[in-house]
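A.B. asks: Supplied in structure tokens, the structure appears directly below.
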Amino acid sequence: GAVVSQHPSRVICKSGTSVKIECRSLDFQATTMFWYRQFPKQSLMLMATSNEGSKATYEQGVEKDKFLINHASLTLSTLTVTSAHPEDSSFYICSAFSGGADTTQYFGPGTRLTVL
Amino acid sequence: LAKTTQPISMDSYEGQEVNITCSHNNIATNDYITWYQQFPSQGPRFIIQGYKTKVTNEVASLFIPADRKSSTLSLPRVSLSDTAVYYCLVAPDRAGRRALTFGSGTRLQVQP
């Protein structure tokens, strides 16, 4: 199947700083990528839909000015957590649709963010 | 999107067959049923997808009755490495283009 990577796999930062997380589709082009957040022992919750060349669509309750999404190319979407606070500590996961005959959605390995 | 209901947790032993059933009473005509597996601190991994009857791959089998109001994921001869959370999702058009709505999933614990 198609491969989606994320970088970094884990990051620890101080409160008030910004953190950028990259999501890449390694062997296919993805016009749409999705960003999810998962707290411990909970399920994945959709944060936003990232569209190449246009603005992201955010779910209700997700602050677009805090979670900046840039989908500048067909293989890269970035999520920047601005002015991070301890409550932003979570597991962030991206996914992408490979398109064509393969209609499966593939997930990245996730990024563990810890804000001190 | 159709709501899904699945057991919160299940326990099994190595070598046993595990069947996880998911209810989706409001499934629509164009909905597909997809199962994902998630290990701790990893992204979900696609296991299997089906529309009706039975689908089998190298990892699992998916049984879907004629009314499609439920589905059963069957894992043959589980091992310790099958300990994970299993999510049942129902979405239209194979859902590749749409964001997925994850329920609580079933936490499978395999004992030696």
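The values are calculated or read from the model by the stated rules, or taken from the named source; none is laboratory data. All values reported here derive from a predicted model rather than from experimental measurement. Cβ placement follows ideal geometry from the backbone for every residue including glycine, while neighbour counts extend to all protein chains displayed. Keep in mind that these areas ignore ligands, DNA and RNA; they rest on the heavy atoms of the full protein, side chains included. Shrake-Rupley method; radii C 1.70, N 1.55, O 1.52, S 1.80 Å.
A.B. asks: Within the group B:29, B:72, B:53, which residue is away from chain A (no Cβ under 14 Å) and on the phi > 0 side of the Ramachandran plot? If you could, list the steps in order and put the result at the bottom.
C.D. replies: On the way: B:29 fails: on the phi > 0 side of the Ramachandran plot; B:72 fails: on the phi > 0 side of the Ramachandran plot.
Within the list B:29, B:72, B:53, the selection yields B:53.
A.B. asks: Which residues, counting only those in the stretch A:40-68, are away from chain B (no Cβ under 13 Å) and in a strand (DSSP E or B)?
C.D. replies: A:67, A:68
A.B. asks: Report yes if some residue within the stretch B:82-96 is at pLDDT below 90 and assigned to a loop (DSSP other than H, G, I, E, B); otherwise report no.
C.D. replies: Yes, some residue in the stretch B:82-96 is at pLDDT below 90 and assigned to a loop (DSSP other than H, G, I, E, B).
A.B. asks: Which of the following residues is open to solvent by 60 Å² or more (accessible area, probe 1.4 Å) and either among the β-branched types (Val, Ile, Thr) or under 25 Å from residue B:35 (Cα atoms) (or both): A:21, A:69, A:93, A:12?
C.D. replies: On the way: A:21 fails: open to solvent by 60 Å² or more (accessible area, probe 1.4 Å); A:69 fails: open to solvent by 60 Å² or more (accessible area, probe 1.4 Å); A:93 fails: open to solvent by 60 Å² or more (accessible area, probe 1.4 Å).
Unique residue meeting the criteria: A:12.
A.B. asks: So which residues in the stretch B:1-11 are at pLDDT 95 or above and crowded, with 19+ Cβ neighbours inside 10 Å, if there are any at all?
C.D. replies: B:6
A.B. asks: Continuing with the same structure: Quick check: anything in the stretch A:5-16 more than 19 Å from residue B:45 (Cβ to Cβ), in contact (Cβ under 8 Å) with a residue 40 or more places away in the chain, away from chain B (no Cβ under 14 Å) and in a strand (DSSP E or B)?
C.D. replies: Yes; the residues of the stretch A:5-16 include at least one that is more than 19 Å from residue B:45 (Cβ to Cβ), in contact (Cβ under 8 Å) with a residue 40 or more places away in the chain, away from chain B (no Cβ under 14 Å) and in a strand (DSSP E or B).
A.B. asks: Output the residues belonging to the stretch B:33-55 that are open to solvent by 50 Å² or more (accessible area, probe 1.4 Å) and not in a loop (DSSP other than H, G, I, E, B).
C.D. replies: Taking the stretch B:33-55 first, the residues open to solvent by 50 Å² or more (accessible area, probe 1.4 Å) are B:39-42, B:45-46, B:51-54.
If the condition is that a residue be open to solvent by 50 Å² or more (accessible area, probe 1.4 Å) and not in a loop (DSSP other than H, G, I, E, B), then B:45, B:46, B:53, B:54 are the ones that fit.
A.B. asks: Only residues that are within 13 Å of the chain's Cα centre (by Cα) and open to solvent by 60 Å² or more (accessible area, probe 1.4 Å): list them for the stretch A:35-57, please. Before the answer, list the steps.
C.D. replies: From the stretch A:35-57, those within 13 Å of the chain's Cα centre (by Cα) are A:35-38, A:44-51, A:56-57; that's our starting set.
The answer is A:45, A:57.
A.B. asks: Sort out which residues of the stretch B:94-112 are open to solvent by less than 80 Å² (accessible area, probe 1.4 Å) and within 12 Å of chain A (Cβ to nearest Cβ), and write them in order of number. Don't jump to the end; show me each part of the working.
C.D. replies: Of all residues in the stretch B:94-112, those open to solvent by less than 80 Å² (accessible area, probe 1.4 Å) come to B:95-96, B:99-100, B:102-106, B:108-111.
B:95, B:96, B:99, B:100, B:102, B:103, B:104, B:105, B:106, listed by residue number.
A.B. asks: Which of the residues belonging to the stretch A:24-34 are closer than 15 Å to residue A:107 by Cβ and surrounded by 13 or more Cβ atoms within 10 Å (Cβ to Cβ)?
C.D. replies: The answer is A:24, A:25, A:28, A:30, A:32, A:33, A:34.
A.B. asks: Let me ask another. Name every residue in the stretch A:25-39 that is in contact with a Leu (Cβ under 7 Å, 6 or more places away or on another chain) and either polar (S, T, N, Q) or in a strand (DSSP E or B) (or both), in order of residue number. Outline the logic, then answer.
C.D. replies: Within the stretch A:25-39, the first condition is being in contact with a Leu (Cβ under 7 Å, 6 or more places away or on another chain), and the residues that meet it are A:29-31, A:34-36, A:38.
Passing the criteria: A:29, A:31, A:34, A:35, A:36, A:38.
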